[in-house]
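All remarks here apply to the structure that follows.
The values are calculated or read from the model by the stated rules, or taken from the named source; none is laboratory data. This structure is a prediction, so every number in the text was calculated from the model and none was measured. Heads up, the Cβs are rebuilt from the backbone with ideal geometry, glycines too, and the neighbour counts pull from every protein chain shown. The accessibility values were calculated without ligands, DNA or RNA, using every heavy atom of the protein model including side chains. Shrake-Rupley method; radii C 1.70, N 1.55, O 1.52, S 1.80 Å.
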Amino acid sequence: MSKDGLRVGVAGATGALGKEIISVLEASPWRPGTIVPLASAKSTVPFVDWQGSQVAVDELGHEDLGSLDAVFVALPRAIARDFVERAAVAGVRVVDASGSHLDDLNFPLVLPWMGLDKLGAPRARDVAAIPSAAATLVGTVVGAIARGFDVGSVTATVMTPASAAGRDAIEELSRQVVSLFNGSPPPRKVYPQGLAFDLLPLVGEAGVTGWSTEEIRIAAEIGRLTSVRADVTLVAAPLFSGMAATIRVEIDEDVLVEDVIDKLEEGLVKVTLGSDPRKLPRPRKLEGERQVHVARVRRTLDGKAIELWASMDNLRVAAVAAVGTMAALLDRQES
C-alpha cells in the first residue's frame, strides 16, 4: 500500500499514546510522506523522531487542518472533542484514540480485527473511534468467543495502569514511588488517595447504582463492539503501562475449552497454554507486544462459564489499532 504523498497529523504527538502511534506508524507498510506532530501549548517537547530525523512539534491551534489528509487524535479527552469536530468538518480523515467521541454514534467504534464493516455506515463520514484500552482488552476476548458460540453475560475485573490516564498520571506515579522511598510527602494531584504500592478499587465518579461513570462507559463500549452485555469493575494498579483482566464468560456447558481456545486464536488473540508462571502473560512481560494475550482458560467450578486471564500492552495495542483503522479508512476512500 503506497501512501507516500500523504500528509498525516498526530495530535498529542508528545504524549504517551501519541509517541506510540508515531512509533507504530513508522514501522507500518503505509508510512505517509509527511507527519505533522501537534501538541497543546503546555507541551515542552519541541521535536519528535521520525525516520531518522527530528520533526518540529507545532501548536494545535496553529495548524491548517485543511492541509492534512488525515489525523490521529491522542489528546486528553477534555480538549480532544473540539479538535476532532474541527478536523471532521475540514474533511480530514480522523481516527480518534482520545476517548472524546466514544458515546457518539456518528463515530463508528472499531478495531482493525473487528468492526471495520462499520466504516461504510451512512452516518460514519471519514471518522472512526478506537475503544478505550479496557474495552479493547475485554471486547477482543469476548468478541472472538461470541463469533463462535452463544455468549450470555460477561463479568470482568480490569487492572488499569497510570498510562490509561495520560502522561501526567505516569509522572505522578513515578514521583510518588520516589517520595515514599525517601520518606517525603508524595504528590497527589492525579491520584488524591495515592497509587504507589497500592490499588484503587474505584476508577471514575461513583454513581447512584454503585457503578462508576468509567465502568458504565466501558460496558457500553463492549456492548457496541460485541452486542454482549458486560459488567466491568475497574481497579487502578501501580503500573506505569500494561493492563490485565480476569474475564468470566457465560457459555453453553457443552462447549469444550479447546474449542474456545480455537476461537480466541481465530480472533487474533495469542493464547498461552499450560500454567508455568514464567510463561504466563503479564503487563511487564508484554511490553511492545501488538496483540491481546490470554492464559488460564478454564471452566468455572460450577461448569456454567469460561474464566480466563487476559493482558496486553495498552499503549502498543491502542497504537496498532489506530494505525490499522486509519489504513482501512484510507483504503475505503480510494476504492
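Before moving on, here are some points about what is shown:
- Scanning the range 253-268 for residues that are among the small types (Gly, Ala, Ser), surrounded by 15 or more Cβ atoms within 10 Å (Cβ to Cβ), touching a residue at least 40 places away in the same chain (Cβ under 8 Å) and in contact with a helix residue (DSSP H, G or I) (Cβ under 6 Å, 6 or more places away or on another chain) turns up at least one hit.
Results for (1) of a type outside the set (S, T, N, Q); (2) touching a helix residue (DSSP H, G or I) at 6+ places or on another chain (Cβ under 8 Å); (3) touching a residue at least 60 places away in the same chain (Cβ under 8 Å), shown as yes or no for each residue.
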{"site": "Ser28", "(1), (2), (3)": "no, yes, yes"}
{"site": "Arg31", "(1), (2), (3)": "yes, yes, no"}
{"site": "Lys42", "(1), (2), (3)": "yes, no, no"}
{"site": "Trp50", "(1), (2), (3)": "yes, yes, no"}
{"site": "Ala56", "(1), (2), (3)": "yes, no, no"}
{"site": "Leu75", "(1), (2), (3)": "yes, yes, yes"}
{"site": "Ala97", "(1), (2), (3)": "yes, yes, yes"}
{"site": "His101", "(1), (2), (3)": "yes, yes, no"}
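- Any chance Val110 is surrounded by 22 or more Cβ atoms within 10 Å (Cβ to Cβ) and either of a type in the set (A, V, I, L, M, F, W, C) or touching a strand residue (DSSP E or B) at 6+ places or on another chain (Cβ under 7 Å) (or both): yes
- One residue stands out among those in the range 60-84 that are β-branched (Val, Ile, Thr) and not in a helix (DSSP H, G or I): the one that is surrounded by the fewest Cβ atoms within 10 Å (Cβ to Cβ), which is Val71.
- Single unsatisfied condition, Gly223 versus (1) open to solvent by 60 Å² or more (accessible area, probe 1.4 Å); (2) in a helix (DSSP H, G or I): (1)
- Yes/no for Ser179 being over 27 Å from Ala74 (Cβ atoms), in a helix (DSSP H, G or I), of a type in the set (S, T, N, Q) and out of contact with any strand residue (DSSP E or B) (no Cβ under 7 Å at 6 or more places or on another chain): yes
- Gly148, sole failed condition from (1) among the small types (Gly, Ala, Ser); (2) under 23 Å from Ala39 (Cα atoms); (3) over 19 Å from the mean Cα position of the chain (by Cα); (4) assigned to a loop (DSSP other than H, G, I, E, B): (2)
- Pairing residues of the range 168-192 that are within 24 Å of Leu17 (Cβ to Cβ) and open to solvent by 50 Å² or more (accessible area, probe 1.4 Å) with residues that are not in a helix (DSSP H, G or I) and not hydroxyl-bearing (Ser, Thr, Tyr), at Cβ distances under 6 Å and at least 6 apart in sequence or on separate chains, gives Asp168/Val190; Arg175/Pro187; Arg188/Gly194.
- Qualifying position, being open to solvent by less than 30 Å² (accessible area, probe 1.4 Å), modelled with pLDDT under 95, touching an Asp or Glu at 6+ places or on another chain (Cβ under 9 Å) and polar (S, T, N, Q), among Ser153, Ser163: Ser153
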